[in-house]
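A short write-up of the structure that comes next.
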Amino acid sequence: MNREDQVSPAATVAALVARARAAQREYEGWSQAQVDMVVTAAGWAICEPARNRELAELAVADTGIGNVEDKVRKNHRKTFGLLRDLQGARSVGVIAEDASTGIVEIARPVGVVCAITPSTNPGATPANKIINALKGRNAVVVAPSPKGWSTCARLIEFIHAQLDLVGAPRGLVQLLPSPISKASTAELMRQCDLVVATGSQANVRAAHASGTPAFGVGAGNVAGIVDETADLALAADRILRSKTFDNATSCSSENSLVVVDAVRAPLLAALQARGAVLLSAAQKATLQALMWPDGKLSPAVIGQSAAVIAKRAGLDDIAAQQPRILLVEEDGVGHDHPFSGEKLSPVLALYAAADFARAAQIVERIYAFEGAGHSVGLHSRLPERALQLGLTLPVSRVIVDQAHCIATGGSFDNGLPFSLSMGCGTWGKNNFSDNMNYRHYLNITRVSRPIPEQVPSEADIFGAYFERYGVQ
């Protein structure tokens, strides 16, 4: 029996948190320039090409999810983009002053952050949370999924080496020891100052029930709409790029595609020309038996390629075609129609809609089942339709004419912050609706000074009301 087996989870976690608090107290006195150097060091730990590839290869080998080349791209792009977002951002001392209101904002650390991370992104997600936490002068202890532990451990080894170079204490970034258990993760959530949870809804619910302030993300189940005005070739390119990236492990990958009838045939042809294969009703039933053998999504398909999934389903003729994605026609929503939910694989449900209004209604039905609050994709030449979706659907983001899973978490060709944790608002039972960023890892103290009194008249406040309804 090793020492960890003899020590209770509470004692093990208490030692980690004590070390983190000591490091954070030292770090809290560092200047913005020093903090930014620490942030850059942590980013280089994963962006350096040889280390990046090692982490990507380790992630796929240990989790069996996704593919190496896309994880290399994800590790680099998400981290490099985050560093771009953080460059010049103020997170130490006075960060804003408004003479008109007399308010001065001062950035303060939250303390020790517990970062819950999933097996789908065992390198990129911990790196993102670690960097954001460090930007706010916090310490962070990562609680990865069991399958992702070895990748995260290697990442933190790389980060510690870089922290040594800039003279920062290693206690700023730590890892929950293996084997990861629910008890040790729960204890970490209880003892830290802030929980940031990405992954299963069970983890998110546990974070919110921990008694510690928490940010958690909602369920993914993204739908995309292709209307009659869309550039079908570009739409097909973007959909395939999004749905195949890292074998659709992202919560931002489309799970359903709602196509207006007028362009259904040419869009389907465009998708098929790019490697999509449409299954027959019988083949769909066979695939369903593999994917949901007991009513829950099977690990046998999560993060696997379309060809592997077809092979495992016994659809050898489909597998022989080396499909990039598998398409299934669907017209129902709910538990009796599992293809209407999240699939975490390159399997895409196709819905038909008579027109754009009907397409929006179908998406609303899908989100009433699963995925409310996340985002919706739109391929259209009519900008007013994006605004209409933003005004009416329960979504935090409307992604227009982009590869959805690339764009939702921030991209160099859109203005969203780079992130791997997307808030879904109250629709998704979250307390935030933006892309999680460094400001979520800050406390803000506000200094209020007196300004010239500005008292409105009664007419300013009630004038329009009195004019319409009278004084009663």
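Quick note: the coordinates plus some simple rules give every number you see, no bench work behind them. In this text the structure is predicted, and so the values were computed from the model without any measurement. Methodologically, a virtual Cβ is constructed for each residue, glycine included, from the backbone with ideal geometry; neighbour enumeration extends over all protein chains shown.
Annotation for region 339-445: trypsin sites (Lys or Arg not before Pro) lying in DSSP loop with at most 15 further Cβ atoms inside 10 Å of their Cβ are ARG381.
Find which of VAL455, ALA11, ALA360 sits farthest along the positive direction of the dipole of the chain, computed with +1 on the beta-carbon of Lys and Arg, -1 on that of Asp and Glu, about the Cα centre. After comparing all options, I get ALA11. Please give the net charge around ALA14, taking every other residue with its beta carbon less than 11 angstrom from that of ALA14, where Lys and Arg add +1 and Asp and Glu add -1. Net local charge, ALA14 excluded: +2. Estimate the FRET efficiency between SER280 and LEU234 by the formula 1/(1 + (r/R0)^6), using the beta-carbon distance for r and 22 Å for R0, to the nearest 0.05. Efficiency at R0 = 22 Å is approximately 0.20. Under a model in which nothing but the beta-carbon of Lys, Arg (+1) and Asp, Glu (-1) is charged, the chain shows a dipole of about 1100 debye around its Cα centre. Our summary gives region 33-178 a relative contact order of 29 percent, counting only alpha carbon pairs under 8 angstrom and 6 or more residues apart. For region 92-196, the spread of Cα coordinates along the three principal axes comes to 53, 32, 23 Å, biggest extent given first. The label point for GLU57 and the one for PHE462, both projected 7 Å from the Cα toward the Cβ, are 7.6 nm apart.
Every Cα-Cα pair in region 222-414 was counted, and those over 24 Å apart are 32% of them. Amide hydrogen proximity for VAL258: with H placed 1.01 Å from N in the peptide plane, the residues at 5 or more positions away or on another chain lying under 5 Å are GLY224, ILE225, VAL226, TYR351. Where in region 252-290 does the amide nitrogen come within less than 18 Å of the point 7 Å from the Cα of ARG241, taken along Cα to Cβ? Zone members listed by number: 252-255, 270-276.
Cα extents for the chain along the principal axes, largest to smallest and rounded to whole angstrom: 81, 64, 37.
Backbone geometry of region 209-214 corresponds, through the Karplus equation with coefficients 6.51, -1.76 and 1.60 at θ = phi - 60°, to 3J(HN,Hα) couplings of 8, 6, x, 10, x, 9 Hz, x marking Gly and Pro. Over the chain, what is the mean sequence separation of C-alpha contacts under 8 Å (at least six apart), divided by residue count, expressed as relative contact order in percent? Relative CO of the chain lands at 17 percent.
Contact order, relative form, for region 222-414: 31 percent (alpha carbon pairs under 8 Å, 6 or more residues apart, mean separation divided by residue count).
Expressed to the nearest 5 percent, the antiparallel share of DSSP beta bridges inside the chain is 25 percent.
Each residue, ASP294 and LEU382, gets one label point 7 Å from its Cα in the Cβ direction; the gap between the two is 4.7 nm. Using θ = phi - 60° in the Karplus curve 6.51 cos²θ - 1.76 cosθ + 1.60, the 3J(HN,Hα) couplings for region 273-287 round to 5, 9, x, 7, 10, 8, 7, 6, 4, 5, 5, 4, 4, 5, 5 Hz; x is entered for Gly and Pro. Here the 3J(HN,Hα) profile of region 334-344, calculated from phi with Karplus coefficients 6.51, -1.76 and 1.60 at θ = phi - 60°, is x, 4, 7, 10, x, 5, 7, x, 6, 10, 6 Hz, Gly and Pro shown as x.
Full extension of the chain segment joining ARG84 with THR426 gains 120.2 nm, where the gain is 0.36 nm per residue of separation less the Cα-Cα distance. Cβ-to-Cβ counts within 10 Å put MET436, MET422 in ascending order as MET436, MET422, the fewest first. Taking amide H as placed 1.01 Å from N in the peptide plane, the amide H of LEU278 sits under 5 Å from that of LEU327, each at least 5 places away or on another chain. Taken over the Cα atoms of region 230-327, the convex hull encloses 104 Å³ per residue.
With a simple spin-label model that places each label point 7 Å from the Cα along the Cα-to-Cβ direction, the separation between ALA96 and ALA265 comes to 5.4 nm.
Listing ARG90, ARG190, ARG154 from fewest to most neighbouring C-beta atoms within 10 Å gives ARG90, ARG190, ARG154. For the residue pairs LYS71/LYS182; LYS74/LYS343; LYS129/LYS182; LYS74/LYS429, alpha carbon separations beyond 23 Å are given by LYS71/LYS182; LYS74/LYS429.
Can you give me the C-alpha center-to-center distance between region 322-341 and region 396-459, rounded to a whole angstrom? Between the Cα centre of region 322-341 and that of region 396-459, the gap is 32 Å. By the Cβ distance rule (another cysteine Cβ under 4.7 Å), the unpaired cysteines of the chain are CYS47, CYS152, CYS251, CYS405, CYS424. Cβ crowding within 10 Å ranks LEU389, LEU271 as LEU389, LEU271, fewest other Cβ atoms first.
The distance linking region 246-301 with region 107-121 is 34 Å (Cα centroid to Cα centroid, whole angstrom). For ASP434 and ALA320, a Förster radius of 35 Å and the Cβ-Cβ distance give a FRET efficiency of 0.20, rounded to the nearest 0.05.
In the chain, helical runs assigned H by DSSP with n ≥ 4 each contribute -39500 (n - 2.57); averaged across all residues and rounded to the nearest 500, the mean residue ellipticity at 222 nm is -13500 deg cm²/dmol.
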